[in-house]
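Undergrad: Before anything else, here's the structure in question.
The values are calculated or read from the model by the stated rules, or taken from the named source; none is laboratory data. Values in this document were obtained by computation on a predicted structure and should not be read as measured data. A quick note on method: Cβ atoms are made from the backbone with ideal geometry, for glycine too, and the neighbour counts reach across all protein chains shown. In case anyone asks, the SASA skips ligands and DNA or RNA and just uses the protein heavy atoms, side chains included. Shrake-Rupley method; radii C 1.70, N 1.55, O 1.52, S 1.80 Å.
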Amino acid sequence: MIEQALEEALAQCRLNRSEFSELLVRLLDYGVICRDESVIETTLYDRFQRCEQLVREWLAPLGLRLQHDSRFQFIRVYPPGAEVPGLPDQEEPHHGGFRARLSQQEVAAILALRVEYDKALREGQVDESGCAALSMEALELGMRNLLKMSLPDKHAERKNLLKKLRQLRLVQFSSEEVETSAEVWLRVRPTIAHFVSESVLHQLIDSEAPPAVESEATQADEIDEAEEAEEEQVLERITPEVEDNSLFESEAAS
């Protein structure tokens, strides 16, 4: 009965089962599809537009939710319990079965990207696709200012971090620049504004405000404790908390 209903629905979407399966597997594996990322994702995004409601109906029983931004042409799937921009929170209990935590360094880089993108947005320094240019130097400075963290020193580790950010479809960059250790410029996607919520951004901005003047001894202790608490809270609240934003373990996406 289910197979027959699926075949009928796919016929209305002018798709076959293989094409539908390819779309779902890619979306669940990568967690995000951006139309301008590659020829493959262009094809899959256009295919999704023909069967969006059907995809939503198949994912809904699993507690998975979709975010479709038609302006910037990307789709992101969120695991159960994740905060989804523009949608109410789920009330059902969830146990994080689909989730795997990002490293603190990855989260710090993502938060810095969000703050720098917001700054570029306010200054009108975004292109027609909503992307902002950011140098690696500016990214590292942002990480230090926000969370007192820095990019990895080793080239291989830095390369892996950039690859992770690209897998999440948060940035684009030239692979040649990374391989040659040249000055790397990132193209920060507007997806970063959806990946990190406004509430988290406000916490970061508020945390930079100077504390009230007290005795020097107690003031220093309280600043340290507040900074540690704020950092832990921000690292915990970034959503979705998933390794390369994939719902299933898989080989690293290219």
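Undergrad: For region 40-63, how many residues are among the basic types (Lys, Arg), in contact with a helix residue (DSSP H, G or I) (Cβ under 8 Å, 6 or more places away or on another chain) and more than 14 Å from residue 14 (Cα to Cα)? I'd like the intermediate steps shown before the answer.
TA: Quick first cut of region 40-63, residues among the basic types (Lys, Arg) only: 47, 50, 56.
Checking which are in contact with a helix residue (DSSP H, G or I) (Cβ under 8 Å, 6 or more places away or on another chain) leaves us with 47, 50.
Subset that is more than 14 Å from residue 14 (Cα to Cα): none.
So the answer is 0.
Undergrad: Among (1) modelled with pLDDT under 90; (2) surrounded by fewer than 17 Cβ atoms within 10 Å (Cβ to Cβ), there is one condition residue 135 misses while meeting the rest; what is its number?
TA: Looking at each condition in turn, residue 135 falls short on (1).
Undergrad: Could you please give the count of residues in region 11-31 that are touching a helix residue (DSSP H, G or I) at 6+ places or on another chain (Cβ under 9 Å) and closer than 18 Å to residue 168 by Cβ?
TA: 5
Undergrad: Let me ask you something else. Report, by residue number, each residue of region 21-49 that is more than 17 Å from residue 64 (Cα to Cα) and aromatic (Phe, Trp, Tyr). Working first, answer last.
TA: Restricting attention to region 21-49, the residues satisfying the condition of being more than 17 Å from residue 64 (Cα to Cα) are 22, 34-47, 49.
Matches in region 21-49: 45 only.
Undergrad: Looking at region 39-53 only, could you name the residues that are of a type outside the set (Val, Ile, Thr) and open to solvent by 20 Å² or more (accessible area, probe 1.4 Å)? Explain how you work it out, then say what you get.
TA: Here is the first cut: in region 39-53, the residues of a type outside the set (Val, Ile, Thr) are 41, 44-53.
Listed by number, the residues that qualify are 46, 47, 49, 50, 52, 53.
Undergrad: Separate question: Of the residues 154, 119, 159, 163, which single one is of a type in the set (Lys, Arg) and in contact with a helix residue (DSSP H, G or I) (Cβ under 6 Å, 6 or more places away or on another chain)? Spell out the reasoning first.
TA: Working: 154 fails: in contact with a helix residue (DSSP H, G or I) (Cβ under 6 Å, 6 or more places away or on another chain); 119 fails: in contact with a helix residue (DSSP H, G or I) (Cβ under 6 Å, 6 or more places away or on another chain); 163 fails: in contact with a helix residue (DSSP H, G or I) (Cβ under 6 Å, 6 or more places away or on another chain).
Being of a type in the set (Lys, Arg) and in contact with a helix residue (DSSP H, G or I) (Cβ under 6 Å, 6 or more places away or on another chain) holds for just one of 154, 119, 159, 163, which is 159.
So that you can scan it fast, the table gives a plain yes or no per residue for (1) over 30 Å from residue 189 (Cβ atoms); (2) in contact (Cβ under 8 Å) with a residue 40 or more places away in the chain; (3) open to solvent by 30 Å² or more (accessible area, probe 1.4 Å):
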site	(1), (2), (3)
10	yes, yes, no
15	no, no, no
22	no, no, yes
30	no, yes, yes
37	no, yes, yes
